[in-house]
Amino acid sequence: MFIRTVLGDKSIDELGHCQCHEHIYLEKGYSAEINPVLCIDDYNKSLKELTDYYDNGGRAIVDAQPIGCGRCADKLIDLASNSKVDIIASTGFHKLIFYPREHWIYKISQGEFEELMHKEIEEGMFINCNTNYPREQIDNKAGMIKVACDKQGLDNTYKKYFAAAAAVAKKTGISIQCHIERAETGMEIVDYLLESGVSADSIILAHMDRRVDTIKENLLVAKKGIYLQYDTIGRYKYHSDEDEIALIKNMCSEGYIDNLLLGLDTTRARLLSYKGTIGLSYIRKHFIKKMMDNGFNNEQIKSLLIANPKKALAKK
Ligand SMILES: [Zn+2]
């Protein structure tokens, strides 16, 4: 089994410490008009962040910005080559609030969108398509399907995109990672994807730790055998690290350590090289130690940050 990085396929045995939802480069565009922290466009600063991550033992990240929404595949390739960090790029779609009214995402048919994502995974990604329709293709491939929905969950506005993404996940064996706003909508997404034929071990629900009082919802989806991603670490407007660790501990004692993935969901506001708060290396430098102080052992840390990502990101 292998993982599809921007520089080629890599055996899962070669994957090291991996954070499964980050943003390391994001073109200044419409996303930044919605939220200024969604602009991460200084190549040297992004490289510095990744180099520091590598120097602290970080080995891989998933860049969760999908096609047409500020992703710059060409920059991710250069960053991976120059930092030695494995970067897994995303195809797929984000919340529709992040696309201007005239964007191609609204006009594309389900079939065309399916074909587009399929090409990104099996042939190569498209560049220069954050406003223009994707035409310019390179050889480097995407290794993740990012999908997203709003607070209300999987409503009609999102159905065609989800249907296309599910079909591509089934055909390619590449995992789907879903941005959700509320843990309560997780089950509906999981049920939809499972009913569409996507296998449970190819489904990742992101941001399941935004609220730490949602253990009930977390347990319900975990029982389905999917991956839950805790990527709100170091985002203190949501909760403290201590609360985060308590949630992880709870899930582990319920028997779900093998279903958890970790990340920081970095933006410009959190990357140190952009004068942000914590930096991409925060888990390596601080959070692991906090976990150990709270009773976690090496084996468990390795499960969360190496063994689980290997399985969750593998092309099946
Ligand atoms: Zn994100």
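If you scan region 78-118, which residues turn out to be surrounded by 20 or more Cβ atoms within 10 Å (Cβ to Cβ) and on the phi > 0 side of the Ramachandran plot?
Matches in region 78-118: GLY92 only.
Restrict the check to region 119-141 and report whether at least one residue is among the small types (Gly, Ala, Ser) and in a loop (DSSP other than H, G, I, E, B).
Yes, because at least one residue in region 119-141 is among the small types (Gly, Ala, Ser) and in a loop (DSSP other than H, G, I, E, B).
Quick one: which helices (runs of 4 or more DSSP H) sit completely within region 218-316 and have at least 3 residues that are under 25 Å from ILE3 (Cβ atoms)?
241-253, 298-302, 308-313
Out of the residues in region 60-83 that are in contact with a strand residue (DSSP E or B) (Cβ under 6 Å, 6 or more places away or on another chain) and in a loop (DSSP other than H, G, I, E, B), state the one that is nearest to HIS286 (Cα to Cα).
ALA64
Any chance you could count how many residues in region 119-131 are surrounded by fewer than 19 Cβ atoms within 10 Å (Cβ to Cβ) and in contact (Cβ under 8 Å) with a residue 12 or more places away in the chain?
Here the count works out to 5.
If we keep just the residues of region 171-226 that are touching a residue at least 40 places away in the same chain (Cβ under 8 Å) and of a type in the set (A, V, I, L, M, F, W, C), which is nearest to the ligand (Cβ to nearest atom)?
Selected residue: ALA206.
Return the pairs, sorted by first residue and then second, in which the second residue is more than 16 Å from the ligand (Cβ to nearest atom) and at pLDDT 95 or above, the first residue lies in region 36-65 and is on the phi > 0 side of the Ramachandran plot, the beta carbons are less than 8 Å apart, and the residues are 6+ apart or on different chains.
Qualifying pairs under 8 Å: GLY57/GLY16; GLY57/HIS17; GLY57/ARG284.
Do we have any residue at all in region 49-65 that's within 16 Å of the ligand (Cβ to nearest atom), surrounded by fewer than 24 Cβ atoms within 10 Å (Cβ to Cβ) and under 18 Å from ASN132 (Cα atoms)?
no
Working only within region 1-26, note down all residues that are surrounded by fewer than 20 Cβ atoms within 10 Å (Cβ to Cβ) and among the acidic types (Asp, Glu).
Of everything in region 1-26, those that are surrounded by fewer than 20 Cβ atoms within 10 Å (Cβ to Cβ) and among the acidic types (Asp, Glu) turn out to be ASP9, ASP13, GLU14.
Collect the residues in region 218-272 that are more than 18 Å from ALA307 (Cβ to Cβ), surrounded by fewer than 20 Cβ atoms within 10 Å (Cβ to Cβ) and hydroxyl-bearing (Ser, Thr, Tyr), keeping them in residue-number order.
TYR236, TYR238, SER240, SER253
Here is a yes/no grid of residues against (1) at pLDDT below 95; (2) surrounded by fewer than 22 Cβ atoms within 10 Å (Cβ to Cβ); (3) among the hydroxyl-bearing types (Ser, Thr, Tyr):
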site: LYS146; (1), (2), (3): no, no, no
site: GLN152; (1), (2), (3): yes, yes, no
site: LYS171; (1), (2), (3): no, yes, no
site: ALA183; (1), (2), (3): yes, no, no
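Look through region 12-45, keep the residues that are within 15 Å of the ligand (Cβ to nearest atom) and among the hydroxyl-bearing types (Ser, Thr, Tyr), and return whichever of them is modelled with the highest pLDDT.
TYR25
When you check LYS302 against the structure, is it free of Cβ contacts under 8 Å to residues at least 12 places away in the same chain and within 20 Å of the chain's Cα centre (by Cα), yes or no?
Yes; evaluated as a whole, the condition is true for this residue.
The values are calculated or read from the model by the stated rules, or taken from the named source; none is laboratory data. Treat the numbers as computed from the prediction; the structure is a model and nothing was measured. All Cβ positions, glycine included, derive from the backbone under ideal geometry; neighbour counts span all protein chains shown.
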